[in-house]
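The values are calculated or read from the model by the stated rules, or taken from the named source; none is laboratory data. This structure is a prediction, so every number in the text was calculated from the model and none was measured. All Cβ positions, glycine included, derive from the backbone under ideal geometry; neighbour counts span all protein chains shown.
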Amino acid sequence: MIGRLGLGLAAAALAAMPILAKDAPKPDPKTEAMHVVQPGETLAGIANRAEVPRVLIIEANRLKAPYAVKAGQKLVIPRRRSHTVKVGESTFDIAMEEGVPWEQIAAASGLKPSAKIKPGQKLVIPTLAGNGELIPAPSISTDQPKGLPDTIAPAFAWPLKGQVRRGFSMPVGANPGHEGIDLLADEGTAVRASAAGKVIFAGQGPEEYGLTVIVYHSGRWTTTYSYLGKLTVKEGDKVKAGERIGLVGQTGLASEPQLHFEIRRNKLAIDPARYLTRR
């Protein structure tokens, strides 16, 4: 059953108490990953309150001289993030969770991409700029909170034309459920990126997934393409919506040529049928 990557559903949602606008806390660049410029703010002032060098904010947002900012403008605040390796966690899992290619994480952490990791090991996570580019993690002595901005779902398109062999299902009791959809197609059929993004994994996934590509889109959204017979992209590649990322195969648990496709938000699998465009 596809489910090894499932990170579990929350037992219950926390009900947020309504906050009156006049009582809402003012945005604090010191803890934000994304700062909305307030009236009267300057870049120097934001950098000072964020405790992040001004040049890093300039580079992360590709600002042009004289580096003026205006009210309502969104600025990525680049921070040093870290990840502590958990028991049983693989480089595949980490790349997917952090939304950053493993090669970039390894480089930022001073490791070779082929290096083995162990529980308790701390890894440096490069910062993702607002335009999707990876920028060097700033040298800050204290770890800052993670903060990929939340965004609305991209306009996801079907990765190929094919009959749905198996749909999405939630886990019930001993049944682990099915965290995506399986689409039948002839071997060698092109599999295309459901939306524009950056390839954060391309290779042999967990045994049941076979050859797999994972694309990071925006905010906390990723798509997963498994059972592939061939990869046509590599980690770190930027892809456009509809661009070929691989070919249909019969790897992993596939008993016939097909594609296993997932959409995830906050690392949790969501029914793709809710987001895919009609066809």
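Restricting the stretch 265-279 to residues that are under 22 Å from Ala95 (Cα atoms) and at pLDDT below 90, the residue that is surrounded by the most Cβ atoms within 10 Å (Cβ to Cβ) is Ala269. When the stretch 186-199 is filtered for residues that are assigned to a strand (DSSP E or B), within 13 Å of Leu231 (Cα to Cα) and within 18 Å of the chain's Cα centre (by Cα), the ones remaining, listed by number, are Arg192, Val199.
In the stretch 98-124, the residues that are farther than 15 Å from Val199 by Cβ reach residues that are surrounded by fewer than 11 Cβ atoms within 10 Å (Cβ to Cβ) and modelled with pLDDT of 80 or more with C-beta atoms within less than 7 angstrom, at least six apart or across chains, in these pairs: Ala106/Lys112; Pro119/Val87.
Before we move on, is Arg220 free of Cβ contacts under 8 Å to residues at least 60 places away in the same chain and either in contact with an Asp or Glu (Cβ under 8 Å, 6 or more places away or on another chain) or under 14 Å from Asp271 (Cα atoms) (or both)?
No; evaluated as a whole, the condition is false for this residue.
Of all residues in the stretch 245-261, none satisfies being in a strand (DSSP E or B), in contact (Cβ under 8 Å) with a residue 40 or more places away in the chain, more than 17 Å from Gly188 (Cα to Cα) and under 16 Å from the mean Cα position of the chain (by Cα).
Looking for something among the aromatic types (Phe, Trp, Tyr), more than 30 Å from Val36 (Cα to Cα) and either in contact (Cβ under 8 Å) with a residue 60 or more places away in the chain or part of a loop (DSSP other than H, G, I, E, B) (or both) - is there at least one such residue anywhere in the stretch 203-210?
In the first step, residues of the stretch 203-210 are kept if they are among the aromatic types (Phe, Trp, Tyr); the result is 209.
Still in the list and also more than 30 Å from Val36 (Cα to Cα): 209.
Next, only the ones that are either in contact (Cβ under 8 Å) with a residue 60 or more places away in the chain or part of a loop (DSSP other than H, G, I, E, B) (or both) stay: 209.
Yes.
Within the stretch 202-221, the residues that satisfy the criterion of being of a type outside the set (Gly, Ala, Ser) and surrounded by 22 or more Cβ atoms within 10 Å (Cβ to Cβ) are Tyr209, Thr212, Val213, Ile214, Val215, Tyr216, His217, Trp221.
Under the condition of being over 24 Å from Val55 (Cα atoms) and at pLDDT below 80, the residues counted in the stretch 104-131 number 0. Please tell me if Val100 is part of a loop (DSSP other than H, G, I, E, B) and of a type in the set (Val, Ile, Thr). Answer is yes for this residue.
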